[in-house]
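A.B. asks: One structure coming up, written as structure tokens, with questions to follow.
Just so it is clear, none of the values below were taken in a lab; they were calculated from the coordinates. Note that the structure is predicted; figures quoted are calculated from it, not measured. Counting neighbours? That spans all protein chains shown, and the Cβs are built from the backbone with ideal geometry, glycine included.
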Amino acid sequence: MSRPRRRFWRRSSSSLPEQRRQNPAGDEFETRTVHAGQEPDAATGAVVPPITLASTFVQDAVGDHRGYEYARSANPTRAGLETCVAELEGAEHGLAFASGMAAEDAILRAALDAGDHVIIPADAYGGTYRLVARLYEPTGVAWTAVDHADLDAIAGAWRDETKLVWVETPTNPLLTVVDIAAVAKLAHERGARVVVDNTFATPYLQQPLTLGADVVVHSTTKYLGGHSDVVGGALVVTDAELAERLAFTQNATGGVAGPFDSWLTLRGVKTLAARMDRHCRNAMRVAQMLAEHPAVAEVLYPGLPSHPGHKTAQEQMRAFGGMVSFRLLAGEEAAVRACGRTRLFTLGESLGGVESLIEHPGRMTHASVPGSPLEVPGDLIRLSGGIEDGDDLIDDLRQALSDS
Ligand code: PLP
């Protein structure tokens, strides 16, 4: 790749205070969220790196430039974000895109050719399903959707042409937990790659590359951005040759993260660990309350010992995340009504922001999958627990469910 790929601490240690240079003991996750890709500006000393809006960069002589030529190919603010997400996932190469879907498209394009086959989760994010089934299938890419909690189902779906297993864990919206290490072993024994959509967990809770995955994809729109004010996506890989191919795709198709979006995402990432701790704490309290509620048929939260993926989640995640789904005994119309009755939980799509959100997946985020193998139950409600006071969140849900 032509862009300057630099590593945290190693790359510009001359700009760091002497004490920190000698003792980079702060190379822990929380420290990386604040500093990786975000060193003070070398030219001015600005503590927060500037937003570089330039679309083109001066060349000192023809072909002799300072690492940047044209901002679709590389931009300093985007490069900072790319370094940061790579560092957070423990990888060498990060690429930032205009959305999570643009990132997904780039890896599918780079990893699959006509005639290849991909295995996706039976409860994949609806947009992933739409991309694979509606845009890639017509180009000759075959796909099968199976329950990824069941390794035998993945093995059973295997074909000679299988090149990729697309994992989401926990899944959106059913919060299925998938054993990343086991899927990676199975796929690698058969010569295929594993992509993990780490949007729900974030690298603070789970680092798929350390468990054997080949690629991590993020909708940075969610927890990494964290404030519901930016749409973005990212890919993280260790394989240099694949990174090269992805950088080529990114430049050729042009779905890059803009400088302001990159800056906003970097600003959000600084507080990722603190926010995630709070998201997880609130989600656990909400899940425990719902599990006792007489109107609730089932709570889907990996932190509850009753969740089928609880043990795997305990092993591969630091905590259980901020997302909670649940089903109402009274069915679909009651679920739709309850979604409209909350006062603090905002009715809206998306997730991972500081404010709590509620939605009805069957009619909102997953409306594009009815009749497909990915159809979600009509009585399902999905919550994105924010960082508000936990008692307030519980009171709000109690009142919304009071006559369900
Ligand atoms: N992956 C997951 C798990 C998601 O929830 C989403 C969006 O909701 C995406 C990918 C797509 O990301 P974006 O909306 O940023 O394109």
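A.B. asks: In what sequence do 228, 402, 73 fall when counting other Cβ within 10 Å, fewest first?
C.D. replies: 402, 73, 228
A.B. asks: Now for a different question. Take each of the peptides 375-381, 49-55, average the number of other beta-carbon atoms within 10 Å over its residues, and list them starting from the highest.
C.D. replies: Highest mean packing first, the order is 375-381, 49-55.
A.B. asks: While we're on this one: Which of 166, 158, 263 comes first, and how do the rest follow, when ranked by fewest Cβ neighbours within 10 Å?
C.D. replies: Placing the least packed residue first, the sequence is 158, 263, 166.
A.B. asks: Using a 7 Å offset from the Cα along the Cα-to-Cβ direction at both residue 47 and residue 227, what is the distance between the two label points in nm, to one decimal?
C.D. replies: Calculated label separation equals 1.6 nm.
A.B. asks: Please figure out what share of the DSSP beta bridges in the chain is antiparallel and state it in percent, rounded to the nearest 5.
C.D. replies: Counting DSSP beta bridges with both partners in the chain, the antiparallel share is about 60 percent.
A.B. asks: So how much slack lies between residue 337 and residue 188, counting 0.36 nm per residue of separation and subtracting their Cα-Cα distance, in nm?
C.D. replies: Computed gain between residue 337 and residue 188 is 49.0 nm.
A.B. asks: Consider a paramagnetic label point 7 Å from the Cα of residue 399 along Cα→Cβ; state which residues of the range 340-366 have an amide N under 17 Å from it.
C.D. replies: 340-347, 356-358
A.B. asks: Could you calculate the FRET efficiency of residue 34 with residue 54 from 1/(1 + (r/R0)^6), where r is the beta carbon distance between them and R0 is 25 Å, rounded to 0.05?
C.D. replies: Efficiency for this residue pair is about 0.45.
A.B. asks: Would you list 129, 136 from fewest to most Cβ contacts within 10 Å?
C.D. replies: Least to most surrounded, the residues fall as 136, 129.
A.B. asks: In vacuo Debye scattering of the range 13-269, one point per C-alpha: log10 I(q)/I(0) at q = 0.12, 0.18 Å⁻¹?
C.D. replies: Treating every Cα as an identical point scatterer, log10 I(q)/I(0) equals -0.71, -1.41.
A.B. asks: Can you give the relative contact order of the chain as a percent, counting alpha carbon pairs under 8 Å and 6+ residues apart?
C.D. replies: 16
A.B. asks: Using helices alone, what [θ] at 222 nm do you get for the chain, with -39,500 (n - 2.57) per DSSP H run of 4 or more residues, divided over all residues and rounded to the nearest 500?
C.D. replies: -9500 deg cm²/dmol
A.B. asks: Right, next: Given H placed 1.01 Å from N in the peptide plane, which residues other than close sequence neighbours of residue 194 have an amide H under 5 Å from its amide H?
C.D. replies: Sorted by chain and number, the residues that satisfy this are 165, 214, 215.
A.B. asks: Grab the other residues whose beta carbon is less than 11 angstrom from that of residue 299, score K and R as +1, D and E as -1, and report the net.
C.D. replies: Local charge sum for residue 299: -1.
A.B. asks: Relative to the compact globular guide of 2.2 N^0.38 Å, what is the alpha carbon radius of gyration of the range 272-400, as a ratio?
C.D. replies: Dividing the Cα radius of gyration by 2.2 N^0.38 Å gives 1.00.
A.B. asks: Need one number: nm distance between label points at residue 372 and residue 210, each 7 Å from Cα along Cα→Cβ, rounded to one decimal.
C.D. replies: It is 3.3 nm.
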